[in-house]
Amino acid sequence: MEENKESNSMDNCEFPSKKVIEFKPPVYEQRYYFVKNLVNQHGLKKIADLGYGDATLLWMLKYHRCVECLVGVDIAAQPFEWGGGRLSPGVGGFIIPRELDLTITLYRGSVVQKDSRLRGFDLITCIELIEHLDSEDLAKFPEVVFGYFSPGMVVISTPNSEFNPLFPASTFRNPDHRFEWDRKQFQTWALDVGKLYSYSVEFTGVGDPPAGAEHVGYCTQIGVFQKNIAKATGSSISEPEEHVYEVVYRTSYPSLQQRKYFRFTLSIEAVKAIDLMKSRFLRGLRKKEGDRVVPLGSCTPQHGLTEAQRAEIEQSPKPYSVGENFYVPLERLIIYPKVNHLVAGNVEKLRTVLAEGLRLNQDQTAVRVELVDYNTQRLFDEHLVSPALES
Ligand SMILES: C[S@@+](CC[C@H](N)C(=O)[O-])C[C@H]1O[C@@H](n2cnc3c(N)ncnc32)[C@H](O)[C@@H]1O
Ligand SMILES: [Mg+2]
């Protein structure tokens with residue numbers, strides 16, 4: 001990460017920071033945020049980070065709802081547990097599954113090696129990478145990344161050497177750097193690459209210069225390359241699969257796209273709504289209609305619903321009890337926002353999925369649960385009439 005002279009550096013390949021110019025937030029974070037914003041702005045799904053270092057950027061990106069595939073490639077990749085730990089779904093990922101699938105794969109390999117698994121990405125990022133390539137690798141880099149991987153977008157960040165005089169020493173920012181370019185050198189290289197591989201490029205940066213030194217530009221210069229449409233259509237020619245990189249880590253997240261997690265989440269939301277209805281029902285339990293007991297009062301939970309939702313619920317078929325069973329019509333259940341969102345308002349879908357895990361009534365129009373479970377028995381014991389008396 002950038003670099004010994006950039007304060008708060010967390011790059012393990014840098015010197016300790018000298019805190020001469022303090023960036024807020026630290027400039028390495030500004031680089032990550034730059035990518036994050038771009039991903040959000042364009043709703044990008046498939047992203048590869050080349051030279052991913054300690055995987056912080058990948059870790060930040062995994063929280064984006066739109067992201068479905070994250071890949072990291074680093075020549076120094078270790079089959080590490082810690083990186084995997086941060087990148088793994090954790091318990092939370094199972095309790096609240098993501099809406100969309102997400103797979104994360106880390107490879108050990110060099111960005112100048114072609115691997116067909118890196119083709120077809122929406123975005124490839126190279127954050128503080130190119131200045132670590134020797135001239136031979138730098139010469140190969142465009143053909144592999146732009147020509148072969150050929151993603152929709154490429155973001156390349158690299159130190160802006162014009163900023164360096166603001167740092168105390170007159171050396172490179174990091175001993176492993178093979179070069180540090182001024183803006184003209186970077187832009188000339190980037191525009192040549194863009195022209196050759198049919199990408200347009202825009203230049204920006206992060207890490208503002210201090211007041212009075214605006215002429216030096218940003219601490220980190222950034223090129224954002226966008227593939228031209230004509231090239232995008234032409235790149236569908238199929239090339240043979242080439243797997244060169246070694247997988248060091250792979251994980252796939254639970255998501256609502258997967259049947260079992262969808263069923264689990266829908267059932268939980270349904271049961272939560274049913275429980276709320278049941279406890280209100282028990283408090284208002286009074287009136288008998290044939291063999292059904294229906295509430296006199298409202299069964300509508302008051303919290304977390306808009307006036308309109310409450311009104312809609314009030315108008316829908318009411319929950320009822322028969323004997324010791326409590327029934328919630330699907331037509332009512334589906335009005336609850338979370339349930340509704342999950343099945344996109346489709347009662348048929350709600351019926352099919354709930355039937356796999358919950359009990360429905362005979363004509364499959366309502367969910368059936370016990371009216372008196374352990375908790376409700378306590379309610380009765382404490383202050384309510386027995387359902388037997390009411391039915
Ligand atoms: C300065 S660090 C940047 C790490 C990360 N991108 C960040 O901004 O925090 C450069 C990274 O590039 C990796 N790297 C250097 N040469 C590489 C190559 N030819 N192929 C893949 N990764 C390389 C290094 O191992 C290191 O992790
Ligand atoms: Mg560097």
Query raised in the report: In the list Asn228, Asn174, which residue meets the criterion of being of a type outside the set (Phe, Trp, Tyr) and more than 30 Å from the chain's Cα centre (by Cα)?
Result: Asn174
Report task. Show the residue pairs that are 6+ apart or on different chains and have beta-carbon atoms under 7 Å apart, the first residue being within the range 81-94 and of a type in the set (Lys, Arg), the second being modelled with pLDDT of 85 or more. Result -> Arg86/Ala55; Arg86/Trp59
Requested in this report: Evaluate the range 203-222: report whether one residue or more is away from ligand 1 (no atom under 16 Å from the Cβ), under 20 Å from Lys46 (Cβ atoms), within 32 Å of the chain's Cα centre (by Cα) and surrounded by fewer than 20 Cβ atoms within 10 Å (Cβ to Cβ).
Outcome: no
Requested in this report: Kindly provide the set of residues from the range 67-79 that are touching a Leu at 6+ places or on another chain (Cβ under 8 Å) and modelled with pLDDT under 95, ordered by number.
Outcome: Ala77
**Report entry** Filter result for Tyr28 (surrounded by 22 or more Cβ atoms within 10 Å (Cβ to Cβ) and either at pLDDT 95 or above or within 16 Å of ligand 2 (Cβ to nearest atom) (or both))
**Finding:** yes
Query raised in the report: With (1) within 16 Å of ligand 2 (Cβ to nearest atom); (2) surrounded by fewer than 15 Cβ atoms within 10 Å (Cβ to Cβ) as the list, and Asp49 as the residue in question, which single condition is left unmet?
Result: (2)
Query raised in the report: Trp82 versus (1) in a loop (DSSP other than H, G, I, E, B); (2) surrounded by fewer than 20 Cβ atoms within 10 Å (Cβ to Cβ); (3) of a type outside the set (S, T, N, Q); (4) modelled with pLDDT under 95: which is the lone unmet condition?
Result: (1)
Query - strands (runs of 3 or more DSSP E) fully within the range 150-234 counting 1 or more residues that are within 16 Å of ligand 2 (Cβ to nearest atom), more than 27 Å from Gln113 (Cα to Cα) and free of Cβ contacts under 8 Å to residues at least 60 places away in the same chain - result: 199-206
**Report entry** Gln302 at pLDDT 80 or above and surrounded by fewer than 20 Cβ atoms within 10 Å (Cβ to Cβ)
**Finding:** no
Query - Residue count, the range 356-371 (criterion: in contact with a Leu (Cβ under 9 Å, 6 or more places away or on another chain), outside any loop (DSSP other than H, G, I, E, B) and closer than 16 Å to Arg263 by Cβ) - result: 2
Query raised in the report: Among the candidates Val112, Val91, which residue alone is at pLDDT 95 or above and out of contact with any Ser or Thr (no Cβ under 6 Å at 6 or more places or on another chain)?
Result: Val112
Query raised in the report: So which residues in the range 113-149 are assigned to a helix (DSSP H, G or I), touching a strand residue (DSSP E or B) at 6+ places or on another chain (Cβ under 7 Å) and away from ligand 1 (no atom under 15 Å from the Cβ)?
Result: Phe146
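The values are calculated or read from the model by the stated rules, or taken from the named source; none is laboratory data. Note that the coordinates shown come from a computational prediction; the quantities given were computed from them, not determined experimentally. Here the Cβ is made from the backbone with ideal geometry for all residues, glycine too, and neighbour counts use every protein chain on show.
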